[in-house]
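Every number here is computed from the coordinates shown, using simple stated rules; none is lab data. Model, not experiment: these values are computed from the prediction. Cβ placement follows ideal geometry from the backbone for every residue including glycine, while neighbour counts extend to all protein chains displayed.
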Amino acid sequence: MAEAGLPAFERLALRPVSWRHVPRAMVHHVLLPALALGAAVFFFPPAWPILFLLPFLLGGALLGRRFHRYGLLPESFQVARGVLAQQDWVVPYGRIQTVTVRQGPLQRLLGVATVGVDTAGAAGLLRPDVTDVAEADAVALARELIERV
């Protein structure tokens with residue numbers, strides 16, 4: 001990090017996303033795959049061993065919030081995400097290009113939003129987005145990021 005001229009990653013300074021991240025993750029990462037796996041087993045019974053994947057999906061959904069954290073530090077915006085493969089981002093404020101707040105239908109129901117942060121070269125899952133922040137906190141986070149840019 002020092003050789004790249006970036007501030008140090010400060011995991012202890014980061015705060016977790018909303019507790020409502022867990023029910024949303026349960027729907028996206030457990031319920032929907034369970035329905036797909038159930039359909040696969042219904043139409044192709046010899047595939048029943050794939051149902052053993054469900055406990056791992058459940059564990060990932062339950063642990064996801066613990067490892068998804070974010071923080072506004074003096075020199076950078078920092079995000080950590082991922083259960084098995086931890087991804088850490090240190091984004092100097094001057095490198096942020098756009099900030100968005102968005103909600104899907106389930107997020108609206110749960111009162112949370114995603115704060116999207118776009119930087120040069122970032123795409124898809126390789127973006128330092130903060131998923132499932134309480135609505136008021138998401139708006140405040142986006143405003144603070146915009147002010148610091």
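Which residue, chosen from 96, 13, 59, occupies the Cα position most advanced towards the positive end of the dipole of segment 11-148, where the dipole is computed from +1 (Lys, Arg) and -1 (Asp, Glu) charges on Cβ about the Cα centre?
59
For residue 10, what residues show an amide H to amide H distance below 5 Å, using hydrogens built from the backbone and excluding near sequence neighbours?
Hits under the 5 Å cutoff: none.
Give me 100, 114 ranked fewest to most by other Cβ atoms within 10 Å of their Cβ, as a rough exposure proxy. Please report the intermediate quantities before stating the final value.
Numbers: 100 12, 114 17.
If I rank by nearby Cβ atoms, fewest first, I get 100, 114.
Amide H to amide H, which residues 5 or more places from residue 77 or on other chains are under 5 Å from it, using H placed in the peptide plane?
91, 93
At residue 58 and residue 83, where each label point lies 7 Å from the Cα along Cα→Cβ, what is the point-to-point distance in nanometres?
1.1 nm
Taking θ = phi - 60°, what integer Hz values does the Karplus form 6.51 cos²θ - 1.76 cosθ + 1.60 yield along segment 99-111, in sequence order, with x for Gly and Pro?
10, 10, 10, 9, 9, x, x, 5, 5, 4, 4, 8, x
What dipole magnitude, in Debye to the nearest 20, does the chain give about its Cα centre under +1 on Lys/Arg Cβ and -1 on Asp/Glu Cβ?
340 debye
Below 8 Å, C-alpha to C-alpha, sequence gap of six or more: please give me the relative contact order for the chain in percent. Before the final figure, lay out each step's value.
On the way: 226 pairs, mean separation 34.8, N = 149.
Here the relative contact order equals 23 percent.
Is the shape of the chain best called rounded, prolate or oblate, per the rule: a/c under 1.5 gives rounded, else a/b larger than b/c gives prolate, else oblate, with a ≥ b ≥ c the square roots of the Cα gyration tensor eigenvalues?
Working: a/c = 2.53, a/b = 1.92, b/c = 1.32.
Note, shape of the chain comes out prolate.
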